[in-house]
Amino acid sequence: MFVYLSGFILTILFMYICKYDFTRYKYYKNCFNETKLKIDLRKKRIYQTRYLFWFLLACMPLGLIAALRYNVGTDYLYTYIPNFKQIIKGNYDVYSEWGFIYINKFLALFTSNPQAIIFVTGFIFIFCVNHIVLRYSENILMSFVILLISTVFFISLNNVRQSIAAMIFVFAFPYAMKRNFIKYSICMAIALLFHMTAIPIFFMYFLINSKFMRKHFLFIAFLIICFLPLLAKVLVLILENTKYNYYFISDFNNGSTTSINIIYGLFYFIVFYVVLRDEIKTNKISYTFVLFQFFYFLISFSSIFISVSEMISRMCYYFLFYQIISIPYVISKGKTKRDRILITLLFVITYCAYTYYFIILRGYHDVLPYHMI
């Protein structure tokens, strides 16, 4: 864990410096827009250069950890390395996402070393994370703590394509808030280049911007849970006629449920709702974060009716990844300092236990020990 902890400490340090310069840049940018004074323009450019420098530096620690790893993540030697070699040979049936195939083909123009795809995707993921944290997080430290202890970073070292797709979904957050459907659609189209599971996630835009859903949230949520067994059967019928049928005819269909995720999903949904309940009808951000936490629980709960825990867990990723900005937001909404400290401890203690059990004890995602190329 030393390599990961060192990378996170350096990233947090650089991001705090970046945040300061970014704040100053925005201030002088606004000043220049109002005054058109050369001194404001000069200071705007100075702080812009400084924050970009620190931002790029902040991408280095975790970016290099992700980019220079060897056989870290169960899919490293099972999927990404052999598939890169297959694409070089002209076999393009290794992925369903043609966009990702062309990314591999493009890299193959410059090198035959399959580590190239690991290098590029590692930095793409970290760039998205840092951009999101810088612009939308209420607390940089807490965002990176959640990134680590919620296993989001460890998942990104294994389920590479879907992790990038999920982070691009988070990247689209401001466009959903502002009802900018075109930019939101562009983001989700890019997410589709990396993973096809972004298709159903695209429709979250309409739930986010549904006034009816926001007004009657609890009642609709209750109805969805009641009809979940029927919805699960319909979903299985649909998936059985797609390439994802292999989940049902392979060892993935092992009859297990994501019981711990169900407990965590329900518990965190209750925490989100209790803290943000007074703002759900008036604050779209609060409503969106509660909505996404509900879907994290709902999808986890559906494993009771769809006994393919691997597939269920993967669909949860899109809403799990949002927690790097939603949890700091929930903490900031605590009414008193004591409340904020208690909520912080709640998330940190419960997620540390989660990570210790799955990553350290059970070795999920094969990210320990860390091996560098």
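General observations
- The residue list ALA66, ALA58 contains one member that is surrounded by 17 or more Cβ atoms within 10 Å (Cβ to Cβ), aliphatic (A, V, I, L, M) and out of contact with any Ser or Thr (no Cβ under 6 Å at 6 or more places or on another chain), which is ALA66.
- Exactly one residue out of THR23, THR11 is polar (S, T, N, Q), surrounded by 14 or more Cβ atoms within 10 Å (Cβ to Cβ), assigned to a helix (DSSP H, G or I) and within 31 Å of the chain's Cα centre (by Cα), and it is THR11.
- Taken over the range 36-70, the criterion of being modelled with pLDDT under 95 and not in a helix (DSSP H, G or I) is satisfied by LYS36, LEU37.
- The range 123-162 - residue that is small (Gly, Ala, Ser) and in contact with a Phe, Trp or Tyr (Cβ under 6 Å, 6 or more places away or on another chain) and, of those, farthest from ALA58 (Cα to Cα): SER150
- Residue that is closer than 29 Å to GLY7 by Cβ, aliphatic (A, V, I, L, M) and surrounded by fewer than 16 Cβ atoms within 10 Å (Cβ to Cβ), where the choices are VAL120, VAL129: VAL120
- Annotation note: Cβ proximity below 8 Å between a residue of the range 330-352 that is basic (Lys, Arg) and a residue that is in a helix (DSSP H, G or I) (sequence gap 6+ or interchain) occurs for LYS333/VAL275; LYS333/LEU276; LYS333/GLU279; LYS333/SER286; ARG340/ILE331; ARG340/SER332.
- Within the range 110-122, at least one residue is in contact with a Phe, Trp or Tyr (Cβ under 7 Å, 6 or more places away or on another chain) and in a helix (DSSP H, G or I).
- Only one entry of PHE100, PHE153, PHE144 meets the criterion of being part of a helix (DSSP H, G or I), crowded, with 22+ Cβ neighbours inside 10 Å, in contact (Cβ under 8 Å) with a residue 24 or more places away in the chain and in contact with a Lys or Arg (Cβ under 7 Å, 6 or more places away or on another chain), and that entry is PHE100.
- Residue in the range 307-317 that is modelled with pLDDT of 90 or more and not aliphatic (A, V, I, L, M) present: yes
- Residue in the range 19-33 that is touching a residue at least 60 places away in the same chain (Cβ under 8 Å) and not hydrophobic (A, V, I, L, M, F, W, C) present: yes
- Residue that is at pLDDT 95 or above, assigned to a helix (DSSP H, G or I) and under 25 Å from the mean Cα position of the chain (by Cα), where the choices are ILE182, ILE262, ILE225, ILE199: ILE182
Yes/no per residue for (1) buried (at least 21 other Cβ atoms within 10 Å of the Cβ); (2) more than 19 Å from LYS215 (Cβ to Cβ):
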| site | (1), (2) |
| --- | --- |
| TYR268 | yes, yes |
| VAL275 | yes, yes |
| ASP278 | no, no |
| ASN283 | no, no |
| VAL290 | yes, no |
| PHE295 | yes, no |
| SER313 | no, yes |
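- Per the listing PHE181, PHE194, PHE206, PHE212, the residue uniquely among the aromatic types (Phe, Trp, Tyr), at negative phi and surrounded by 18 or more Cβ atoms within 10 Å (Cβ to Cβ) is PHE194.
- One residue stands out among those in the range 344-373 that are of a type outside the set (Val, Ile, Thr) and not in a helix (DSSP H, G or I): the one that is farthest from GLN115 (Cα to Cα), which is ARG362.
- Every residue from the range 339-373 that is within 19 Å of ASN261 (Cα to Cα), surrounded by 14 or more Cβ atoms within 10 Å (Cβ to Cβ) and not hydrophobic (A, V, I, L, M, F, W, C): THR350, TYR351, TYR354, THR355, TYR364, HIS365
- Test: TYR136 is surrounded by fewer than 22 Cβ atoms within 10 Å (Cβ to Cβ), of a type outside the set (Gly, Ala, Ser) and touching a helix residue (DSSP H, G or I) at 6+ places or on another chain (Cβ under 9 Å): yes
- Between TYR92, TYR78, the distinction of being part of a helix (DSSP H, G or I) and either of a type outside the set (S, T, N, Q) or crowded, with 20+ Cβ neighbours inside 10 Å (or both) belongs to TYR78 only.
The values are calculated or read from the model by the stated rules, or taken from the named source; none is laboratory data. Everything quoted here is computed from the prediction, not taken from an experiment. A quick note on method: Cβ atoms are made from the backbone with ideal geometry, for glycine too, and the neighbour counts reach across all protein chains shown.
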